[in-house]
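The values are calculated or read from the model by the stated rules, or taken from the named source; none is laboratory data. None of these values were measured; they are calculated from a predicted model. Positions of Cβ are backbone-derived with ideal geometry, glycine not excepted, and every protein chain shown enters the neighbour counts.
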Amino acid sequence: MHNELEDFAQIETATDKERVTEPLSTPVQRTPLQETWRRLRRDKFTLLGAAWLIFVAGVSLLAPALAPYDPLEINLRARLLPVGTPAHVLGTDDLGRDILSRLIWGGRISLLVGFTAVLFAMTVGTFIGLLTGFYGGKLDTIVMRLIDILMAFPAILLAIAIVAALGPGLEHAMLAVAIVGIPYYTRIVRSSILSLREREYIIAAQALGSNDWRMIAAHLFPNSLPPLIIAATLDVGWMIMFAAGLSFLGLGAQPPAAEWGIMLSEGHKFIRQAPHASIIPGLAIFLVVLSLNLLGDGLRDALDPRLRR
Amino acid sequence: MTGYIIRRILALFPVLLGVSFLVFLILHLAPGDPALIILGPKANATSLAQLRHDLGLDQPFLVQYFRWLGRVLQGDWGRSIQLKREVLPLVLLRFQATAYLTLFSALLAILFGIPAGIISATRQYSLLDRISMVGIMMGFSMPVFWLGIILQIVFSVYLGVLPVSGMQSPNGEGFLDLLKHMILPSLALSTGAAVIIARMTRSSMLEVLQQDYIRTARAKGQIERLVIYRHALQNALIPVVTVIGLQVGYLLGGDILVEIVFSWPGIGLLMMNGIMARDFPLVQGAILMVASSYVVINLIVDILYSYLDPRIRYQ
């Protein structure tokens, strides 16, 4: 009881102070976008994630200028050099290739795979989700049963099965990872649409005679975007990790490509002589995925503060 | 309860049928003629045509599928091209090794995940909570195959306390030897699951701790430990069970990567060798085995869930 009174007194004091210092202030009107940006800016971890991602993207883009060596250049006289060697800051791998150069070039592939796979999965998944959610009926039942079957597989197993059928390679791995991601987006969009359909403004738009496409494109799709953006941000990291896993298994990008999963797999053969050859590429994957997860979490909190816990 | 279980088991069949169809379809679409793979590049056209006819490859797709399904149900999963052995006994033998690893990892994930979640929730915003939240985020972002390699480097290469790979020492026998080999792969595999279980336990506990009946229990003067473990935890664990079930599926998937890192002789390693050798009957059998066990695990979780939360049964 005593504490409650104290709290109450503090609230009173704070309110009084505000009255004194800002007597005529009116609440600041912000658009939802401004409000989201304001919340994002205050979250240090999110900013850190975003900064790291921008750094990696920048370095990857400038790879031809920044990489000290050709990532595929073999030098058998400089095999497995340790970290800190003057000419090779991050050392070399079993074929004497410069790890830093391969790391810089590898960022291109990983980011490209992550973003392309998510874009593909999101586009197809959203399209199916919009249609099934809006029209319902038999189409919805059939598609959802198919999705149930796709989801009855552990994700990586399904991707492995697809690559096993198509044959190993970066494009096939990217496609497999994207296909596995489709059900995730379909479910998110479909459930958004199902709840939006009952809202009054949607019923009003329907009463005003909006046709189906207008309803979907102008009202339902834009309003189902926030959960989709959050899911996609978190998913890019997951897909990068997933595609690197396929490369590690020998199903994704193929040697001698400079790709983080391949570097890890090649380095793994020499963990006794040169542990850095597998630690460094793994660390690169980990940091990019971590930064995407931090960004995704921050976005979720900024777009929907009710979810913050 | 019995009615619910029967309904759930009956609902399992269409899913298993769909899974088997997808497995067959994917590998049916694979380029390359199985007859050519079996007979080799020197085979002549007549013997190829004869083998295609014997294998039923000249039949329409659906006929091929139902014949294959019929054989699978009778225990004939085909013959491995590379290993020249029946697929089913091979797959069952290797699945045993995978099951050890998966179950031990699930156990580790539960043993680490649930207490971490409880501690985090009961001391929200404390230093311990913050450390565990950072740990959760890091564990969530860590590629399982990289974590495996790091553990190998630290515990096998530098400290030399645990074996670097395999399931048995050349002259070692017994449970202790198996356990020593299982620790590192299970630690690598369980981390991802443990952090998700911890995260779920934390948020579920935080929600339950805000409920009226918890306040009532505290108002009655109940000891805090009893409030948490007797009143809150029981209800908080219900959604955690579902997450644990989902994680067992995740473990089955991640297991493939861990088996490659640690040369664990499970079904993942068998499958990958099959893929590299384009041994499709073997790959098909391995995928079917993992996918169906995933479906069955999900069924068990659903039933367990309904046992814990009676509301589910009546919906």
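Here are the numbers:
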| read-out | value |
| --- | --- |
| Breaking point among (1) closer than 19 Å to B:G254 by Cβ; (2) buried (at least 17 other Cβ atoms within 10 Å of the Cβ), for B:S132 | (1) |
| Top-ranked residue of region A:141-172 - restricted to ones that are in contact with a helix residue (DSSP H, G or I) (Cβ under 7 Å, 6 or more places away or on another chain) and not in a helix (DSSP H, G or I), ranked as nearest to the other protein chains (Cβ to nearest Cβ) | A:P154 |
| Helices (runs of 4 or more DSSP H) contained entirely in region B:136-236, each with at least 2 residues that are within 14 Å of another protein chain (Cβ to nearest Cβ) | B:144-151, B:174-209 |
| Residues of region B:49-79 satisfying the condition of being buried (at least 16 other Cβ atoms within 10 Å of the Cβ) and either farther than 16 Å from B:F24 by Cα or in contact with a Cys (Cβ under 9 Å, 6 or more places away or on another chain) (or both) | B:L51, B:R52 |
| Where A:I128 falls short, out of the listed (1) among the β-branched types (V, I, T); (2) within 14 Å of chain B (Cβ to nearest Cβ); (3) in contact with a helix residue (DSSP H, G or I) (Cβ under 8 Å, 6 or more places away or on another chain) | (2) |
| Breaking point among (1) closer than 28 Å to B:S293 by Cβ; (2) surrounded by 13 or more Cβ atoms within 10 Å (Cβ to Cβ), for B:A43 | (1) |
| For B:L206: the one exception among (1) hydrophobic (A, V, I, L, M, F, W, C); (2) over 15 Å from B:G117 (Cβ atoms); (3) more than 28 Å from the chain's Cα centre (by Cα) | (2) |
| B:G266 being over 30 Å from B:L10 (Cβ atoms) and either of a type in the set (D, E, K, R) or within 20 Å of the chain's Cα centre (by Cα) (or both) | yes |
| Test: B:V290 is crowded, with 18+ Cβ neighbours inside 10 Å, under 30 Å from A:G261 (Cα atoms), touching a residue at least 12 places away in the same chain (Cβ under 8 Å) and within 14 Å of another protein chain (Cβ to nearest Cβ) | yes |
| Criterion: within 22 Å of A:M215 (Cα to Cα), surrounded by fewer than 24 Cβ atoms within 10 Å (Cβ to Cβ) and not basic (K, R) - qualifying residue of A:L146, A:L157, A:L131, A:L112 | A:L131 |
| Residue identified as crowded, with 18+ Cβ neighbours inside 10 Å and without any contact (Cβ under 8 Å) to a residue 12 or more places away in the chain among B:I150, B:I114, B:I118 | B:I150 |
| Helices (runs of 4 or more DSSP H) enclosed by region A:184-276 - at least 1 residues per element that are away from chain B (no Cβ under 14 Å) | A:200-207, A:225-248 |
| Scan of region A:183-211 for residues that are of a type in the set (S, T, Y) and either over 19 Å from A:G125 (Cβ atoms) or surrounded by fewer than 17 Cβ atoms within 10 Å (Cβ to Cβ) (or both), ordered by number | A:S191, A:S195, A:Y201, A:S210 |
| Leading residue by the ranking (nearest to B:H181 (Cα to Cα)) among those in region B:238-260 that are within 11 Å of another protein chain (Cβ to nearest Cβ), of a type in the set (V, I, T) and within 14 Å of the chain's Cα centre (by Cα) | B:V258 |
| Matching entry among B:V295, B:V258, B:V283 (being part of a helix (DSSP H, G or I) and more than 20 Å from B:L69 (Cβ to Cβ)) | B:V258 |
| Of all residues making up region B:261-280, the number that are within 11 Å of chain A (Cβ to nearest Cβ), crowded, with 21+ Cβ neighbours inside 10 Å and in a loop (DSSP other than H, G, I, E, B) | 2 |
| Count of region B:163-194 residues which are surrounded by fewer than 23 Cβ atoms within 10 Å (Cβ to Cβ), among the hydroxyl-bearing types (S, T, Y) and within 22 Å of the chain's Cα centre (by Cα) | 1 |
| Flag if A:L283 is outside any helix (DSSP H, G or I), more than 16 Å from the chain's Cα centre (by Cα) and facing chain B (nearest Cβ under 10 Å) | no |
| Candidates A:R39, A:R102, A:R30 - the one that is at pLDDT below 95, over 30 Å from A:M144 (Cβ atoms), assigned to a helix (DSSP H, G or I) and not polar (S, T, N, Q) | A:R39 |
| Filtered residues of region B:232-258 (kept if within 13 Å of B:A109 (Cα to Cα) and among the hydrophobic types (A, V, I, L, M, F, W, C)) | B:V240, B:V241, B:V243, B:I244, B:L246, B:V248, B:L251 |
